[in-house]
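The values are calculated or read from the model by the stated rules, or taken from the named source; none is laboratory data. Every value quoted in this text rests on a predicted model; they were computed, and no experiment measured them. Note that we place each Cβ from the backbone using ideal geometry, even for glycine, and neighbour counts take in every protein chain shown.
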C-alpha cells in the first residue's frame with residue numbers, strides 16, 4: 001500500500017513520525033433509553049490530514065469545539081476514529097485493539113492542562129513519576145527506580161529531595177513540572193501537550209514554556225502543542241495547524257503563518273489577539289468576526305467558514321469545498337479567496353512590514 | 001479638577017483564618033473619573049479581585065474586616081447600611097464576572113433575569129421591564145433578541161452568556177462598571193467581540209470602567225490607566241502608555257518580559273519571574289517583592305517603599321527603592337533583551353544609593 005504525500009511532506013523535508021489521512025471522528029447522538037437510535041452525530045473531526053515530523057513542535061490551534069483536542073486524543077489512540085488512517089512510524093494504528101496498542105503506549109505521552117486534577121493527591125511525587133515504570137515493568141529494583149525518578153526530577157527542575165512529598169505541597173508551576181517529568185519517564189517519541197500553560201499565572205507560564213523548549217532541544221522530542229493562546233503557540237512551535245469546525249483550514253511554518261496568514265479565519269484569529277502595546281493596538285484595525293461558531297452537529301456545507309467569512313462569495317464558497325493547497329508564501333490553506341498582502345497588513349499585528 | 005466618580009482611599013481588607021490574618025488588600029488608593037477606564041493587573045492572590053469586591057460591599061458577609069474609604073459620587077460606600085448599598089449595587093455600580101454560567105440562574109429564562117434586574121431598582125411594570133431586557137439584549141449584539149429573551153442560559157453559547165451578563169450589568173445605566181476577568185473564559189475571537197462591545201458601550205454611556213485582568217494585552221487595548229498590584233498593594237500606577245513605554249517597577253518589567261508577544265520577534269527569550277507570589281499572612285519584610293526581585297539590595301529587605309511619584313512625572317507612581325536613574329538604565333538594558341543578571345551587572349546598583 002502506498003501512502004500519498006500529505007500536507008507538510010510535499011517539500012520533502014524531515015521524515016514523518018505520525019501521518020494522519022482523512023481522519024474522521026463522529027460522536028453519535030442518540031435518543032431514547034431502551035430503543036436507542038442514532039439521531040445525528042457531532043462531527044468533531046471531519047477529514048483531517050497532516051503529518052507530524054520527527055523532532056518538530058507542531059501547534060494545533062483553534063477555538064473551543066474546533067476538534068483540536070479530539071485530534072490529539074485520536075493520535076494517542078485514546079479514541080478510536082470513525083474512519084481514516086493514523087500511521088505511527090509507518091505502522092497503521094487507527095483500528096488497533098487494546099492489546100495491539102500496549103507496546104505503543106510507551107512511545108506516546110500526554111501533558112495535561114490542569115496540574116491540580118491530573119495528579120493523584122494521595123500518591124507521593126516519587127510514585128507518580130515512577131508509575132509509568134511500574135506499568136511497563138522497567139527499573140524494577142526499588143533503588144534503581146528511585147534513582148531514575150530523581151534524575152527525571154532534576155531534569156525538569158524539581159528538587160530530587162522532594163521525592164516523598166505530595167502534590168499539594170507544590171505550587172502550580174511545580175506541579176506542571178511533575179506532569180512533564182511523568183510524561184518524559186519512558187522517553188516517548190511523541191509528547192502531546194494539551195493547553196499545558198493555560199491554567200498557570202503569567203509569570204509561571206514562562207517557566208514551563210522555557211522548560212518545554214529546552215527539553216525539546218535537548219532530547220529531540222517530537223511535540224504536539226495544543227493551545228488557544230496564539231502568542232504562546234507562536235513562541236513554542238515550528239509549524240502550526242489551524243482548525244475550524246473539525247477541519248484543518250491552514251497549516252504553515254510558524255513565521256509564515258504569523259507574517260502572512262492566507263485563510264481569512266487565521267487572519268481573524270491573529271487580528272483578535274490583544275497586543276500588549278497600546279500604540280500598536282490603536283493602529284490596528286481589529287477585524288471582529290460576527291456571530292458564533294456553528295454547531296458541529298450540523299456544520300455548514302462546502303467551506304465551513306463561509307457563514308462568517310468576510311470574503312465569502314455566494315455560489316462558490318457555499319457550494320464547492322476548498323481543498324488544502326499551497327498559497328502564496330508557501331502556506332497551505334483551504335480557501336478559494338485567500339487573504340492578499342494588503343488585507344494582511346491592515347489587520348494582522350505580526351504582518352511583515 | 002472635578003471630583004472623580006470613584007475614589008478609593010487606604011482600602012484594607014483582612015480575613016481571619018486559622019493560620020492567621022490574611023491581608024488580602026493592604027492599603028490601596030486609586031480613583032476613576034467618568035468615561036475613564038482603569039486596568040488593575042496582577043497575578044492570582046495579588047488582591048485585585050478582592051479590592052473591587054470590597055468596593056461593591058461583597059465581602060461584608062464573609063468575615064472580612066474592611067477599612068478605609070470608598071467615595072462614590074460623594075458618598076462613602078463603606079459606611080452605608082446593607083439596604084442603602086443594595087440600592088447602589090446593580091444600579092449605579094454594576095459588575096461583570098469571569099464565569100457567565102455561574103452568574104446566570106440556570107432555572108430562569110434570560111429575559112426574566114434581566115427584567116428582574118430592572119424591577120429591583122425601578123418601579124415599572126413587568127411588560128416594560130421585559131421590553132427593556134429585549135432592548136439591551138439587542139444592544140449587546142444578540143441576534144433575534146425577542147426570541148432569545150425566552151431562552152434559558154444553557155441554550156446560549158459562552159460568548160452569548162457573557163453578552164447577556166453585560167446586558168444585565170448595563171440595564172440600569174450604571175455610572176461605574178467593574179469587569180473582573182470578563183474575557184478569560186472566552187476564545188480570542190469572542191474576546192475581541194466582547195472588548196469591542198465594552199469599549200463601544202462605554203463611549204455611548206460615558207460610564208467609568210474598572211477592568212481587572214491578568215492579561216496585559218487586554219489592558220493595553222482598552223484602558224487609559226493601569227494599576228499593577230502585588231501582594232495586596234498597588235506597586236505601580238500610570239497611564240497605559242507609560243506602563244508599556246517606561247515601566248518603573250521590577251515586577252512590571254518581569255510581567256512584560258515573561259509573556260510571549262506577537263509584536264516581538266519569535267525567538268526573543270522569555271524571562272520568567274523567579275519564585276512565587278508571597279504569602280499574604282506573612283508578608284515579606286521590607287519591599288514585598290524583594291525575595292523575587294533580581295535587583296534587590298540589602299536595604300530593600302528592611303525598608304518598605306511608599307507609592308510615590310516618579311521624579312519628573314507626577315502622574316506616574318511607583319513603590320520601589322531603586323533610584324530613577326538606576327531604573328531607567330535597567331529598563332533600557334532589559335528592553336534591549338538583556339536578562340536580569342546581565343542588566344544588574346551592567347548597571348552599578350551601588351554607585352549612588354546609600
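Of the conditions (1) more than 28 Å from residue B:185 (Cβ to Cβ); (2) touching a helix residue (DSSP H, G or I) at 6+ places or on another chain (Cβ under 7 Å); (3) without any contact (Cβ under 8 Å) to a residue 60 or more places away in the chain, residue B:76 clears all except one; give me its number.
Status for residue B:76: all satisfied but (2).
Of the residues B:178, B:142, which single one is in contact with a helix residue (DSSP H, G or I) (Cβ under 8 Å, 6 or more places away or on another chain), over 13 Å from residue B:109 (Cβ atoms), within 14 Å of chain A (Cβ to nearest Cβ) and surrounded by 19 or more Cβ atoms within 10 Å (Cβ to Cβ)?
After ruling out the rest, the residue left standing is B:142.
Could you tell me whether any residue of the range A:199-222 is assigned to a strand (DSSP E or B) and touching a strand residue (DSSP E or B) at 6+ places or on another chain (Cβ under 8 Å)?
yes
Quick test of your reading of the structure: residue A:282 fulfils all but one of (1) surrounded by fewer than 18 Cβ atoms within 10 Å (Cβ to Cβ); (2) modelled with pLDDT of 90 or more; (3) closer than 30 Å to residue B:214 by Cβ. Name the failing condition by number.
So residue A:282 meets the others, but not (2).
Does the range A:151-178 hold any residues that are without any contact (Cβ under 8 Å) to a residue 24 or more places away in the chain and crowded, with 20+ Cβ neighbours inside 10 Å, and which are they?
A:174
Might you let me know whether the range B:334-349 holds any residue that is closer than 21 Å to residue B:28 by Cα and out of contact with any strand residue (DSSP E or B) (no Cβ under 6 Å at 6 or more places or on another chain)?
So far as the range B:334-349 goes, no, none of its residues is closer than 21 Å to residue B:28 by Cα and out of contact with any strand residue (DSSP E or B) (no Cβ under 6 Å at 6 or more places or on another chain).
Which of the residues belonging to the range B:283-335 are loosely packed, with under 14 Cβ neighbours inside 10 Å, farther than 18 Å from residue B:243 by Cα and touching a helix residue (DSSP H, G or I) at 6+ places or on another chain (Cβ under 8 Å)?
Within the range B:283-335, just B:285 meets the criteria.
For the range B:64-73, what are the residues that are modelled with pLDDT under 90 and under 13 Å from residue B:3 (Cα atoms)?
Passing the criteria: none in range.
Does the range A:114-127 contain at least one residue that is closer than 27 Å to residue A:222 by Cβ and in a helix (DSSP H, G or I)?
Yes.
Does residue A:279 meet the test of being closer than 30 Å to residue B:242 by Cβ, within 14 Å of chain B (Cβ to nearest Cβ) and not in a loop (DSSP other than H, G, I, E, B)?
yes
Could you tell me whether the range A:321-332 includes any residue that is in contact with a helix residue (DSSP H, G or I) (Cβ under 7 Å, 6 or more places away or on another chain) and surrounded by fewer than 22 Cβ atoms within 10 Å (Cβ to Cβ)?
yes
Any residue at all in the range A:168-178 that's assigned to a loop (DSSP other than H, G, I, E, B) and under 24 Å from residue A:197 (Cβ atoms)?
Yes, the range A:168-178 contains at least one residue that is assigned to a loop (DSSP other than H, G, I, E, B) and under 24 Å from residue A:197 (Cβ atoms).
Looking at the range A:324-350, I want the residues that are free of Cβ contacts under 8 Å to residues at least 24 places away in the same chain and have a partner that is surrounded by 20 or more Cβ atoms within 10 Å (Cβ to Cβ) and not in a loop (DSSP other than H, G, I, E, B) with Cβ atoms under 7 Å, at least 6 apart or on another chain. Which pairs are those?
Within 7 Å, the pairs are A:325/A:332.
State whether the residues of the range A:192-203 include one that is touching a helix residue (DSSP H, G or I) at 6+ places or on another chain (Cβ under 8 Å), over 29 Å from residue B:218 (Cβ atoms), surrounded by 23 or more Cβ atoms within 10 Å (Cβ to Cβ) and more than 11 Å from every other protein chain (Cβ to nearest Cβ).
Within the range A:192-203, not a single residue is touching a helix residue (DSSP H, G or I) at 6+ places or on another chain (Cβ under 8 Å), over 29 Å from residue B:218 (Cβ atoms), surrounded by 23 or more Cβ atoms within 10 Å (Cβ to Cβ) and more than 11 Å from every other protein chain (Cβ to nearest Cβ).
With a cut-off of at least 3 residues that are more than 18 Å from the chain's Cα centre (by Cα), name the strands (runs of 3 or more DSSP E) lying wholly within the range B:27-142.
Where strands (runs of 3 or more DSSP E) fall fully within the range B:27-142 and carry at least 3 residues being more than 18 Å from the chain's Cα centre (by Cα), they are B:64-72.
Would you pick out the residues in the range A:120-132 that are touching a residue at least 40 places away in the same chain (Cβ under 8 Å) and buried (at least 18 other Cβ atoms within 10 Å of the Cβ)?
Those that are touching a residue at least 40 places away in the same chain (Cβ under 8 Å) and buried (at least 18 other Cβ atoms within 10 Å of the Cβ): A:125, A:128, A:129, A:130, A:132.
Using the structure shown, decide if residue A:301 is part of a loop (DSSP other than H, G, I, E, B), farther than 27 Å from residue B:261 by Cβ, more than 12 Å from every other protein chain (Cβ to nearest Cβ) and without any contact (Cβ under 8 Å) to a residue 60 or more places away in the chain.
Judged against the criteria, residue A:301 is a match.
Within the range A:304-335, can you find the residues that are within 14 Å of chain B (Cβ to nearest Cβ) and more than 22 Å from the chain's Cα centre (by Cα)?
A:307, A:308, A:309, A:310
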